[in-house]
Amino acid sequence: MSRRAWILVAPLLGALLAGLGWAGFTPIQVSSREALFEIPKGTYARRRAGDLVEILPGTIRLTLGVKDVLLIHNLDEVPQTFGPTIMMPGQSFRLPFERAASYQFICTAHASGQLTIEVEPEPVTPWARIHWRARQWWENHKK
Amino acid sequence: MNVKLARFALPLLLGIGVAAAAPPRLSPPDDLFKAGTLSPVMPAPELALSGSDGKPFSIARFRGKVVLLAFGFSNCGEVCPITLATLAAARKKLGADAADVQVAYVTVDPERDTAAQMKKFLGSFDPTFLGGVGTRPQLEAAYRDYGISVNKVTNADGSYTLGHSSSIYMIDRAGGLRAVMPYGHPADDFVHDLKILLRS
């Protein structure tokens, strides 16, 4: 590589390495460990009318130590069964997870009646942190 | 020092240096439940059943105690024995405070579970455990109010077993449905949450 090209590439390479160093070694900080989902008003009525549009994702992905608390608000006018409990209209259910695993729950807000929650281990190695941050960045930019 | 190596290492070290300066993450406060919690807290749906001790079985009867309410059946070979053994272990770990904790177990098998059968079954785990039995309509009302699902599976020989919701409902001293522990949590998680409920 010529000296001129190297002068152009070196700062970019330096920034990339500094970024990787930061992404791999900085503990992941989030403003809240809760992943919030809402069952909107009229969900039950829509289901009864034959509308099968999914209101909540079929699979919710959580990460221990980062986003490991599921928070569901029932804004519908009728009780909704979510996982281990029934939620009255206007009620919220806050469910923390402490073990990485795949959980299958009953959920009346889903057309299938089923919800999967994938709880992943805490990203503690540099590579896991880089991977987690890259995926978050990608998912935020997909929206 | 190798100059080429330094060119690569310095930016990486700079990034690591910035990372080291980041504040440490705080642990969650100790008063957060291990179970799922409901908010706002609403009264636990009332039960109009008969107890395995021959007295009426209702939420109101247990007012002043913390109640662990679950649903199951005495012929259950998998989930119920584990749940009941876990709850018995949690009560033992609580020591004297266990006197303020009532385990209430409602049958999902009214055809086979009589009061005497439930008393015998529950007593093998802890003599203080109380069973709730009743007619099918009485029990169906309880299942509906607590969101309990029961699926009957008939075997080739004509016998049957039941799949059922296996969460444990945690009801405070005032009769409020505060929390729901999914199946599979260890006794220590119950002890943790019961201590919060007992002092509140």
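In this structure, does A:G24 turn out to be away from chain B (no Cβ under 13 Å) and surrounded by 12 or more Cβ atoms within 10 Å (Cβ to Cβ)?
Values: away from chain B (no Cβ under 13 Å): no; surrounded by 12 or more Cβ atoms within 10 Å (Cβ to Cβ): yes.
The answer is no for A:G24.
Filtering the range B:147-171 to residues that are hydroxyl-bearing (S, T, Y) and more than 14 Å from B:A104 (Cα to Cα) leaves B:S149, B:T154, B:S159, B:Y160, B:T161, B:S165. Residues that are away from every other protein chain (no Cβ under 14 Å) and outside any loop (DSSP other than H, G, I, E, B): does the range A:61-83 have at least one? Within the range A:61-83 (the criterion being away from every other protein chain (no Cβ under 14 Å) and outside any loop (DSSP other than H, G, I, E, B)), the answer is yes, since at least one residue qualifies. For the range B:76-85, the criterion of being surrounded by 14 or more Cβ atoms within 10 Å (Cβ to Cβ), within 19 Å of B:R173 (Cα to Cα) and within 14 Å of chain A (Cβ to nearest Cβ) is met by none of the residues.
Among the residues of the range B:165-198 satisfying the criterion of being assigned to a loop (DSSP other than H, G, I, E, B) and farther than 16 Å from A:Y103 by Cβ, which is farthest from the other protein chains (Cβ to nearest Cβ)? Checked the range B:165-198; the qualifying residue farthest from the other protein chains (Cβ to nearest Cβ) is B:R173.
Could you list all residues from the range A:1-21 that are more than 30 Å from A:L64 (Cα to Cα), in a helix (DSSP H, G or I) and within 13 Å of chain B (Cβ to nearest Cβ)? Explain how you work it out, then say what you get.
First, the residues of the range A:1-21 that are more than 30 Å from A:L64 (Cα to Cα): A:1-14.
Still in the running and in a helix (DSSP H, G or I): A:3-14.
Matches in the range A:1-21: A:W6, A:I7, A:V9, A:A10, A:P11, A:L12, A:L13, A:G14.
Of all residues in the range A:105-125, those satisfying the criterion of being at pLDDT 90 or above and either part of a strand (DSSP E or B) or in contact with a helix residue (DSSP H, G or I) (Cβ under 7 Å, 6 or more places away or on another chain) (or both) are A:T116, A:I117, A:E118, A:V119, A:E120, A:P123.
Taken over the range B:30-66, the criterion of being within 13 Å of chain A (Cβ to nearest Cβ), closer than 16 Å to B:I196 by Cα and touching a residue at least 24 places away in the same chain (Cβ under 8 Å) is satisfied by B:D31, B:F33, B:K34, B:A35, B:G36, B:T37, B:L38, B:V41. For the range A:90-104, the count of residues that are more than 20 Å from the chain's Cα centre (by Cα), within 8 Å of chain B (Cβ to nearest Cβ), assigned to a loop (DSSP other than H, G, I, E, B) and not aromatic (F, W, Y) is at least one.
Evaluate the range B:109-118: report whether one residue or more is free of Cβ contacts under 8 Å to residues at least 40 places away in the same chain and within 14 Å of chain A (Cβ to nearest Cβ). Checking the range B:109-118: not a single residue is free of Cβ contacts under 8 Å to residues at least 40 places away in the same chain and within 14 Å of chain A (Cβ to nearest Cβ). Quick check on the range A:45-52. Is at least one of its residues in contact (Cβ under 8 Å) with a residue 12 or more places away in the chain, more than 8 Å from chain B (Cβ to nearest Cβ), over 17 Å from A:Q80 (Cα atoms) and not in a helix (DSSP H, G or I)? The answer is no, given that none of the residues of the range A:45-52 is in contact (Cβ under 8 Å) with a residue 12 or more places away in the chain, more than 8 Å from chain B (Cβ to nearest Cβ), over 17 Å from A:Q80 (Cα atoms) and not in a helix (DSSP H, G or I). Within the range A:106-143, track down each residue that is acidic (D, E) and within 30 Å of A:L16 (Cα to Cα). A:E120, A:E122, A:E139, listed by residue number.
The values are calculated or read from the model by the stated rules, or taken from the named source; none is laboratory data. These numbers were taken from a predicted model, which means no experiment stands behind them. With ideal geometry, Cβ positions are generated from the backbone for all residues, glycine too; neighbour counts draw on all protein chains shown.
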